[in-house]
Structures are given as C-alpha cells and as structure tokens.
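Report on one structure; see the data block that follows.
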Amino acid sequence: MKTTRLLLAFTLVTLTVGAPLLADCGQDNELPCITRTVAESNWCYGFQWGNLSPATCWEDVQSCTRPNSAIDPNDGLCHTLGTPRGLTCCTAVSFSANGYPVTQGYYANADLRLADIVVPNRHVPNTCTQNSQFVNRLESIPDWFDDYTYKTRLKINANFFEVKMDSGGDGNPYFNDCTTALGLAVSNGSTASPDSPVHGVPTQTLVFFTAAGVQQYGYEAVIAPNAGTTYQGKIQNAISGYRLLQDGQYVPQPEAITPALYRPRTAVALTRDNNTLILVVVNPGNDAGNPTSGGTTMPALSDYLVSLGAWNALTLDGSGSSQFLYDDLTQQFRSLPADDVDGRPGKQFRPVPVFLGIR
C-alpha cells in the first residue's frame, strides 16, 4: 500500500490552539501559562499518520496573563510591575484659575535618582517608518499603556505633533495611524523625533541624562534649548515642549495655544536641584475654554506648579491630548477624555505619538 506524505508550509505565523496547558497560571507569583502554538518556521515537515513530530511543528509558549507583567528569570514566576521606585502618585489637582476651581486631573512627583524613565521609539514598532511624512505611530495613552513593549506604571502625553494629510485628505489623528512629532524626543539614547519648532516657536527639551551625564553635571535632568547639541551623547531620554517656567518665573506662552483660555493642559517641571520631576495633567473632560469649563489658563498652571515646588517647567501638548494614566493593578487613576469624534459615541482619548512614562 502506497503511503502519501503531506507537506505543509507555514510562513511566520503563530496559531494558538487550545487553552493554556497550566491551570491557575499567569497571575502574580504564579508559574507562567503554557500555550501550544504552531512553531514560527518557514517549513514544517512530518505530517503523516504515525510519523508526526510535535517538536518539529509545535512549540510551548510561556506567558503571563495580567497586563504589565513578565516572567522573572530569577524564579521563573510571573510578577506584575510594582509601584515605581521614587514615584509619589497620584493626587487630584486642586487650584484656582482666576477664581474658578480646577479639580479635574492629577499630579505626581518622581525622585529621578530612583525612577526609571521611559519614552517610546518611533522605530519600535516600525509601522510608520516607510513614509518619511509619517514617522511616529499614533496611539492614545490607554493604548500605549496596553502595549507590552513599553511597560510602565504611569504615562502622560508629551510632545506636540502635526497630523499630516493622507492621500484622502484626512488630517484627523483618529483616522490616521501615523504622524510627525514636533520637538526633540529621545528614547533610550536613540532619537525618536528630531528637534523642531511648534507653530513657528522653538521648543525646549526636558533631558534625562545618561549615567555619564549625571556624573558630569551632578544632577539627573535639565530643561534647556538646543539640548541635542549641548548635551549630545549624554541624553538617555528626552521630550520637548514650550518653556513655561524659568527660574520660578512664568514664561509667556505662544498665542497659538491660547494661554488665556481655560483648557486641558499638560506640564512637566523640575525642582531647583534638577533631581525631582513634577508631572501635572488637567483635563475636565471637555475643551470648552470658558472660565466655568474646569480647564486652566497657562499663568494659573504655572502658579500651581510653583506651589508644588517647580523651578523650571515645560508646557506639553494640551487640549484633548492631555492624558494621565496610572495603574498598579490595585488602583487606577485616569484623566478624562475630552474629544468628540464624528461617528464615535462618547468622549474619546486622542491618539498621541510620544509619551513620558515612569516604569
């Protein structure tokens, strides 16, 4: 009797079959779950009755089931990320903008001598690098939070950005996957966005130094113009925006961001010793701009930052871009979404290309 040999080809796909092979797995302090999948291989031979080689065509993949968790190589167990070292979070904002209360939003402090800073890289993943006009991937802060590539406990939005018009003429960040971030952004020593102005106004940069930079300058971070040139080779991570505070004094903001209107805002600041980071996001869930909207003016925000101990500060992207999300798997603090989008019910979190995270 002639035996027919069946040849199957698989091209870089992974198909999950069946449930995890371990029960009660993948949670904190548990063994990872094991899922049997088709091996990622160009060719998979041996499918013949009585001659099946599981080791050839199948593989057992270990994974943790909770977000922001990973397998610790020291004990082989799943561990969720704990409270970030040096981070004090999260306190509701509470101040007055010309007599009108501002209470929707959060602030946090991070001791940069302990904290681990994360900024995403446009090349990881590289979905937007094929077109020079669209060099940064857009995701909302909740979407970035779910991306296992950049595990952090806290994320806020960062650089301003310009949504390029696509071939259909649609410049809406909700319908374009990619855009161009404005101002210098550095991710783990690699440039994620080059230095550039916003609305024709030069940006300044919050620089987090490498170990060599900390040793040379004697502090963890700095806010400065032309940072890419001044601190070349000493930048571990960086984000950019407009200078908001200079030595404790308010710096007038560009009219393009309507500083006198009561709007959602995001800002970051350093204390006088450049070792403590202050992060503030105000978002009342709308961008009405009027005094009773719950938003803040830029002068009022700068005064609030000074009351928190800020000495130098940056304005980051505001309006619907202003987003704050902290989650340690026991509690969550999330700013309100503010955008109305045609065809989508309820308020939306705006996709943004760059965030500042604390792991």
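Structure values in brief
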read-out	value
Modelled FRET efficiency - R0 25 Å, residue 232 with residue 359, Cβ distances, 0.05 increments	0.50
Quotient of Cα Rg and 2.2 N^0.38 Å for region 164-285, N being how many residues it contains	1.18
Exposure of residue 261 as accessible area (Å², to 10), given a probe of 1.4 Å and all protein chains	80
For region 257-296: rounded, prolate or oblate by the Cα gyration tensor [a/c cutoff 1.5]	prolate
Heavy-atom accessible area order for 316, 114, largest first, 1.4 Å probe	114, 316
List 162, 30, 255, ordered by accessible area with a 1.4 Å probe, largest first	255, 162, 30
Heavy-atom accessible area order for 243, 263, 334, 272, largest first, 1.4 Å probe	272, 334, 263, 243
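The values are calculated or read from the model by the stated rules, or taken from the named source; none is laboratory data. Because the structure is a prediction, the values reported are computed rather than measured. Counting neighbours? That spans all protein chains shown, and the Cβs are built from the backbone with ideal geometry, glycine included. Calculation scope for accessible area: heavy atoms of the full protein, side chains included, ligands and nucleic acids excluded. Shrake-Rupley method; radii C 1.70, N 1.55, O 1.52, S 1.80 Å.
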